[in-house]
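The values are calculated or read from the model by the stated rules, or taken from the named source; none is laboratory data. Remember, predicted model here, so these are calculated numbers, not experimental data. Virtual Cβ from ideal backbone geometry, glycine too; neighbours counted across all protein chains shown.
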Amino acid sequence: MTVQEKYRSLTDAAAAAGVTNLQVRDQDGVLYVDGTAPNGAVKDQLWKIYDSIDPNYLSGDLVLDVKVSVDASVTKVKVTTEKSNLNIRKGPGTDQPIVGKAAHGEIITLISQASEQWWLVRTDDGEEGYAYAQYLTPEA
Amino acid sequence: MKLSKVLFALVIATTVSFVSCKPKDSDIQAAIEKALTANPDFAKATVAVADGVATISGEVKDDATKTAIETAVKAIKGVKSFVNNTTVPPPPPAPVVITQDDPLTQGVKDAIKDIPGITATVEDGVVKVAGTISKDKWTMLRKAIDALSPKKVDGTGLTIK
């Protein structure tokens, strides 16, 4: 069975759920699935399907890079860390100095999405810098 | 009576001569098929002729071949018109771009920073993750690593609680 066949139900579900720019490529035995999901729920659903096909994602034959589209009109994001404060750094990277902190649950301003991983934000106290996007949830 | 017989014979003769002047569809088809076999680029193309109209179908490698086939077929005697239904396959997808080890290492470092008990190494685009992790955190970490465009992720060194 090819990796394309193995993950067919996942790629079919991605197409059905309205994932845009969907690309499915097989290279050296690894399947690369790229695209942009309309929302976080679709992304989570795809990862659930991945887990059901390959429990704990341990086969190493799929790279699932489905981004979540963030509307350009979004200007406020909520800090969704587990419970701790979120570091705001001078540049995009954990090697960069910390210039501020945002509390868990705090709603801060999104200035720009510098990369998929690091977003430029500003707190109400005026602290401005880069925060790890995984811990930021766009406010509707 | 005699005259009508002569006339009738004349009509038959004329019809036969007209018909024989016009190449038969099957002959045109054979001529086109011969032309198609002569060029290996046309190997997958097939032809059907009806009332002098030649319809070419099948796959050709590119647009230039598609035009070339048209020129070749139009030159054949008896082809009144031509329908080019040949198709050109879509270009192959662009190869997957794998992030270079340096930015990938930094990205992985950022991703595992808040997960104690986890180590990760990067070599030739392959991210190897080891340690003990909860299922939820591993799912979160995999999402983060896959977004960095690695070649592959090897989590076989993990203990998932």
query = Restricting attention to region A:5-43, which residues are hydrophobic (A, V, I, L, M, F, W, C) and without any contact (Cβ under 8 Å) to a residue 24 or more places away in the chain?
reply = A:Ala15, A:Ala16, A:Leu22, A:Val24, A:Ala41
key: The lone exception for A:Thr137 - which of (1) part of a strand (DSSP E or B); (2) within 19 Å of the chain's Cα centre (by Cα); (3) at pLDDT 95 or above it fails   = (3)
query = What pairs can you find where one residue is in region B:70-91 and buried (at least 17 other Cβ atoms within 10 Å of the Cβ) and at pLDDT 90 or above, the other is assigned to a loop (DSSP other than H, G, I, E, B) and not acidic (Asp, Glu), and their Cβ atoms are less than 7 Å apart, with a gap of 6+ or different chains?
reply = B:Thr86/B:Ala45; B:Thr86/B:Gly58; B:Thr86/B:Val60
inquiry  = Please determine whether any residue of region A:47-62 is closer than 18 Å to B:Ile145 by Cα, within 11 Å of chain B (Cβ to nearest Cβ), assigned to a strand (DSSP E or B) and not small (Gly, Ala, Ser).
reply    = yes
remark   = Checked against (1) over 30 Å from A:Gln23 (Cβ atoms); (2) surrounded by fewer than 18 Cβ atoms within 10 Å (Cβ to Cβ); (3) away from chain B (no Cβ under 13 Å), A:His104 satisfies every condition except (3)
remark   = Taking region A:63-78 and the residues there that are out of contact with any Phe, Trp or Tyr (no Cβ under 8 Å at 6 or more places or on another chain) and part of a strand (DSSP E or B), the one that is farthest from the other protein chains (Cβ to nearest Cβ) would be A:Lys76
remark   = Counting only helices (runs of 4 or more DSSP H) entirely within region B:48-161, those with at least 2 residues that are within 14 Å of another protein chain (Cβ to nearest Cβ), at negative phi and not aromatic (Phe, Trp, Tyr) are B:101-112, B:135-146
task = Evaluate the following for A:Gln96: is it out of contact with any Lys or Arg (no Cβ under 8 Å at 6 or more places or on another chain) and surrounded by fewer than 19 Cβ atoms within 10 Å (Cβ to Cβ)?
result = no
